[in-house]
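Notes follow once the structure below has been shown.
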Amino acid sequence: MSDRTFRPAVVQGVLERITYANEDNGYTVAKVDTGNGAHDLLTVVGALAGVQPGEALRMQGRWGSHPQYGRQFQVENYTTVLPATVQGIRRYLGSGLIKGIGPKMAERIVGHFGTDALDVIEDDPQRLVEVPGLGPKRTRLIADAWEEQKAIKEVMVFLQGVEVTTSLAVRIYKKYGDASINVVQKEPYRLASDVWGIGFKTADTIAQAVGIPHDSPQRVMAGIQFTLSESTGDGHCYLPEERLISAAVKILGVEAGLVIECLQELVATEGVVRETLPGPQDETVRAVYLVPMHRAEIGLASGLRSLLEAPGDRLASFTDVDWDVALGWLRERTRVDLADAQREAVRTALTRKVCVLTGGPGCGKSFTVASVVTLAAAKRAKIILAAPTGRAAKRLTELTGVDASTVHRLLELRPGGDAAYDRDNPLDCDLLVVDEASMLDLVLANKLVKAVPPGAHLLFVGDVDQLPSVGAGQVLRDLLDDGSPVPSVRLTHVFRQAQQSGVVTNAHRVNTGEQPEFQGMTDFFLFPCDDAEQAAERAVDVVARRIPRRFGLDPRRDVQVLTPMKGGPAGSAQLNTALQAAVTPPGEGVPERRFGGRVFRVGDKVTQIRNNYEKGANGVFNGTLGVVTGIDAVAQEVAVRTDEDEEVAYDFAELDELAHAYAVTVHRSQGSEYPCVVIPVTTSAWMMLQRNLLYTAITRAKKLVVLVGSRRALAQAVRNASSGHRYTALAHRLGNW
């Protein structure tokens, strides 16, 4: 970093701005005003995770010199200090650090109390009502914010030694309050399950710092559960015991015997569930589940069986209907004649209590669903439509004329994940249609099936050839298994109008292992580029300039970049940085807020990256897209309008729940449609180049697909039919009930 270093020194100053921050390791480059005037700012570098502009810092470190950037101070550790001058106090209070105080209010407070301002807030905050414009309500807000800041700072000071970021310190404090330090010291592994953003590795680092032994049973059992939890992120509902032990040994760095011993203890205390299941070639496998996964798998299989075998029928009028007459009436109403497979799907959905409709783009799934809804409505049935994402729900509403909602909103999921509707309080419906069912993971599907009343009909609609759900399981695929009792219809005929679309044609070509065609296409293009970094630059140019210029599409609203993976030169992380700079650059009057290594600006396209049941009217969920519409430095909030047209406020400390969404991984795009998608396909993502991933990306586009990358990478993606094995026993449970 430097070509020469100097002896230890202490520097004190006010943080003016952050020019770079790495959110993974806390490394920060910042400018500090040491009192020599704003034109003589000092560059400081080092682990300054969590510092904010306006804070006064006392930094210990060494002077150094960078060959490119010149003289700078390398921070080894720091503390925050309160300013003592009127000017320093005004700047400190006006920096946005204390919720409820902005620059104008800081001016009034300091103007009234002078250098005593901070002492008044600390010791006698009710006196703030003396300040013009400050009433009792806002005074209480400021006093509470000050106390919370102090408490969080104490937790932060304690956690600084184990490199825990500010945002996590805030979450720890909000979860445990005054008990925070006690929990961290005595039960650090609780953090991994209780506090979002803290995984086993962070909890393990903290545990070692507070003296918990490497071979402690507490640590090993937490590590086993972490290994199972990590596997759900790869789609697995369980792990074979041998694979679990091997993975846990690798993660924990302990002997296999200790892992086996602690696993036995977890089974005995019902911390995990172990069950013998049929495996390949007539062998058996000892499967180990997290308790919620085991309950969800058994519950879903049982719930589907119960619906199939329910004695009553809420759509009994279709049991003996004259289908020629019914379909003739439908034809007259819609002026469209259904194909044979579509007729079969309509009949099955209205006469069988659980049914699956699958098929690729252009095969008439949407019109078939609309036909089912039209016929059910003609019999005055109570119809509910749902989809896993807001965009898919909107599309379903437009298609059928019946209001659709997300599955989360339909069930009214609450903090902790419990649903307002379940077996004891079912939905009031005769027909429930769930679109984009390939996205349903095991846990959500179980909650949904529980809420369907006995005798009602449940229709799952989705494309089984797309990627399976982001969460654990492969529900749609398992429902279509040969041994499944759930009836299904697959639409395969591509209609003539759809055949004219290069997007539809090439989606089917890719799905059958053929290379896409580009010659003569007006809606499907390839920009060849072998180097991944050059492909990334080309993708940004295509999104920000070429597509808007040629097709008139808005780069934020109409164009979505879909990448095979997050990392790498053409991954979503680096592309988001480049696309933000091109599409929503900094500018005079454009509000922004830095959080870790990211900067959020008004106009930014963002996505929620965790389920948060406490946000919005009924929670905001992983994958929800939105646009930043406002940043309030006084209230310390960022406003986001989601794709469900809901305005949601994020506290500055909650911004780690948001990520930029100019580019997202293909997995994150499931259930959404965009006028145009741009897909970087490079050899740097070699391990992720799979046929169903490319197929899913292409089918997200309504009008236009642009591939950017190498022909070799494209050929590999089409050739690689492996979709990755997932450990799930749902098909077995359905077929052997």
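The values are calculated or read from the model by the stated rules, or taken from the named source; none is laboratory data. Please read all numbers here as calculations on a predicted model, not as lab measurements. When we count neighbours, we look across all protein chains shown, and the Cβ atoms used for this are built from the backbone with ideal geometry, even at glycine. The protein model used for the area step is the full one, side chains on, heavy atoms only, and it has no ligands, DNA or RNA in it. Shrake-Rupley method; radii C 1.70, N 1.55, O 1.52, S 1.80 Å.
For the range 702-724, the criterion of being under 18 Å from ASP234 (Cα atoms), part of a helix (DSSP H, G or I) and β-branched (Val, Ile, Thr) is met by no residue. Working carefully through the options GLY211, GLY177, find the one that is more than 29 Å from HIS294 (Cβ to Cβ), part of a helix (DSSP H, G or I) and not β-branched (Val, Ile, Thr). Selected residue: GLY177, the only one of GLY211, GLY177 that is more than 29 Å from HIS294 (Cβ to Cβ), part of a helix (DSSP H, G or I) and not β-branched (Val, Ile, Thr).
Count of the range 83-123 residues, restricted to those that are more than 25 Å from ARG58 (Cα to Cα), modelled with pLDDT under 90 and open to solvent by less than 80 Å² (accessible area, probe 1.4 Å), is 2. Here LEU300, LEU277, LEU304, LEU357 are screened, and the one residue that is modelled with pLDDT under 95 and of a type in the set (A, V, I, L, M) is LEU277.
Output the residue which, of all residues in the range 577-591 that are closer than 18 Å to TYR20 by Cα and not in a loop (DSSP other than H, G, I, E, B), is most open to solvent (accessible area, probe 1.4 Å). Across the range 577-591, the extreme among qualifying residues is THR577.
Quick test for you: out of TYR189, TYR238, pick the one residue that is among the aromatic types (Phe, Trp, Tyr) and either modelled with pLDDT of 95 or more or in contact with a strand residue (DSSP E or B) (Cβ under 7 Å, 6 or more places away or on another chain) (or both).
TYR238
Residues in the range 539-557 that are assigned to a loop (DSSP other than H, G, I, E, B) and in contact with a helix residue (DSSP H, G or I) (Cβ under 8 Å, 6 or more places away or on another chain): 4 in all. Residues in the range 428-449 that are open to solvent by 10 Å² or more (accessible area, probe 1.4 Å), over 24 Å from the mean Cα position of the chain (by Cα) and over 19 Å from PRO487 (Cα atoms): ASP428 only.
The criterion of being touching a Pro at 6+ places or on another chain (Cβ under 9 Å) and surrounded by fewer than 23 Cβ atoms within 10 Å (Cβ to Cβ) does not hold for SER722. Hey, can you tell me all the residues within the range 616-664 that are surrounded by fewer than 21 Cβ atoms within 10 Å (Cβ to Cβ), of a type in the set (Val, Ile, Thr) and in contact with a helix residue (DSSP H, G or I) (Cβ under 8 Å, 6 or more places away or on another chain)? The answer is VAL634, THR642. A single entry from VAL464, VAL470, VAL540, VAL486 fulfils the requirement of being surrounded by 14 or more Cβ atoms within 10 Å (Cβ to Cβ), free of Cβ contacts under 8 Å to residues at least 60 places away in the same chain and on the phi < 0 side of the Ramachandran plot: VAL540.
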